[in-house]
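K.L.:
Please see the structure below; I have some questions.
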Amino acid sequence: MTLAGQEIQANLRRFVKRWTSYAGSEKAEAQTFLNELFACYGTDRQAAGVHFEENQPRPDGGRGFLDALWPGHCLIEMKRPAEAARLPAHRQQPLDYWRDSADAASDRPAVDYVVLCAFARFE
């Protein structure tokens, strides 16, 4: 569904009002937060092909879970609101996921954008 600019702005104002005071955990509300954010723009997250908890390799050889991956567009790594002032300390994790989002074997490039979010703060 395509929304007009004024409708998107109104949706975003309601979204900000709803989430401004959220102080809980990442795990409890990250997916709800992202579903509602996509909806502000008239985008159904599932229909757009956005995947939650995408299994990704880590530099130490282990596996991690990327909070949201929109193939060909962006990846989103969420942190709890209490981490908002410390987002710079968390940058390496989504950058590692970004590097690993490319797949030379299938000729898939890395996503265009990396978003690091602590609910009230985005980078």
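Read the figures in this text as sums done on the coordinates, not as results from a lab. What you see is a predicted model; the values in this text were computed from it and never measured. Heads up, the Cβs are rebuilt from the backbone with ideal geometry, glycines too, and the neighbour counts pull from every protein chain shown.
K.L.:
Taking the highest mean first, how do the peptides 19-28, 34-43 order by number of other beta carbon atoms within 10 angstrom per residue?
P.N.:
Working: 19-28: 12.2, 34-43: 16.6.
Packing order, densest peptide first, comes out as 34-43, 19-28.
K.L.:
In deg cm²/dmol, rounded to 500, what helix-only [θ] at 222 nm does the chain give when every DSSP H run of at least 4 residues adds -39500 (n - 2.57) and the total is split over its residues?
P.N.:
That comes out to -10500 deg cm²/dmol.
K.L.:
Report, in debye and to the nearest 20, how large the dipole of the chain comes out about its Cα centre when Lys and Arg carry +1 and Asp and Glu carry -1 on their Cβ.
P.N.:
Taking the Cα centre of the chain as origin, the dipole is about 520 debye.
K.L.:
Tell me which of LEU116, ALA10, TYR41 sits at the most positive position along the dipole axis of segment 5-117, charges placed on C-beta atoms (Lys, Arg +1; Asp, Glu -1).
P.N.:
Of the candidates, ALA10 comes out farthest on the positive side.
K.L.:
Students often check this: by mean Cβ neighbours within 10 Å, which of 46-55, 72-81 ranks highest, and how do the rest follow? Mind showing how you got there, number by number?
P.N.:
On the way: 46-55: 13.6, 72-81: 19.9.
Result, highest mean Cβ count within 10 Å first: 72-81, 46-55.
K.L.:
Considering all projection directions equally, how large on average is the shadow of the alpha-carbon convex hull of the chain, in square nanometres?
P.N.:
Averaged projected area of the chain's Cα convex hull equals 8.3 nm².
K.L.:
When only Cα pairs under 8 Å and 6 or more residues apart are kept, what is the percent relative contact order across segment 1-59?
P.N.:
Contact order relative to length: 44 percent.
K.L.:
Still on this structure, please answer the following. For the chain, calculate the relative contact order in percent as a whole number, restricting contacts to Cα pairs under 8 Å that are 6 or more residues apart.
P.N.:
24 percent
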